[in-house]
Structures are given as structure tokens and as C-alpha cells.
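Below: one structure, written as C-alpha cells.
All of the numbers you see were taken from the coordinates with simple rules; none came from a lab. Keep in mind the model is a prediction, meaning the values are calculated, not measured. Please note: Cβ atoms are built from the backbone with ideal geometry, for glycine as well, and neighbour counts cover all protein chains shown.
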């Protein structure tokens, strides 16, 4: 069973050659594509922008892109940009859910949060996407998950 969600998905390389998927969630205009573009600029790969297909495979949540939008990234103020093959991955296992929220919703020292999607429990990070440190914070959180 595949479910389509309103989210952007990127994959980041953690240790060695492993790619870890991050699902960026938020309302329209929350900064999903903007944060994805900054992550891609520093080596991440786009799975899907704006609409992500999710499916459970054993105990993993796998993200992929609907064929009609493969390789496309909406860049506000520029338009729809076609990324090159080197900036894409066809699918990834999700390691982290990231909820894009306004600064007032960020706790200084948050308790670990988890959510179950399609029967797979995943850690959740609340992040303000337009902060200069947003991509660094996301990478730090993902590194902690990979090390655990």
C-alpha cells in the first residue's frame, strides 16, 4: 500500500555510503522546498518535492516520488527547477520526520518525540526552516539518530 503525503523528502549521507531519508512536513509556504534546496546545495539528494509517496517495507518506511514530478523542485521566486541526475535518488528509507514550525513553537530542550507512520515508529524533530542554522540542526539530529 502506498500513501501520498504533502511533504518534501531528501536523503542525506550519514556514515560511510549510507543515505538517510528525511521527510520535511509543513503547510504550504512553510519552507519545505527552501530547506530542501539548501540541503541539496550541500550534498543531499532530492527524493520528492511537495508530494511524497510512502510505503512500508518490513520495518522501514520507504519514500519515493510520483512520476509526474520526478526531479522537480519548486523554488519560490524562481519557479519549477529541473534538477540533474546527480542531485536525485529514486527512493530512500525515512530515518527522521521534520515538522517545520514557527520559532515560538521550538522548545529549548525538547523531550524526544516519535510518531508512527504506516506502522513504523520514527523520531520527530520540530525545526524553524528559515533560520541560518536549520540545515546544520537537521544534520546534527540525523547524526545522533544514526549513531544510536
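Restricting attention to segment 105-138, the residues that are surrounded by 10 or more Cβ atoms within 10 Å (Cβ to Cβ) and either touching a helix residue (DSSP H, G or I) at 6+ places or on another chain (Cβ under 8 Å) or free of Cβ contacts under 8 Å to residues at least 40 places away in the same chain (or both) add up to 21. Summed over segment 21-39, residues that are touching a helix residue (DSSP H, G or I) at 6+ places or on another chain (Cβ under 6 Å) and surrounded by fewer than 21 Cβ atoms within 10 Å (Cβ to Cβ) total 2. Restrict the check to segment 49-70 and report whether at least one residue is closer than 21 Å to residue 135 by Cα and exposed (fewer than 15 other Cβ atoms within 10 Å of the Cβ). No: segment 49-70 contains no residue that is closer than 21 Å to residue 135 by Cα and exposed (fewer than 15 other Cβ atoms within 10 Å of the Cβ).
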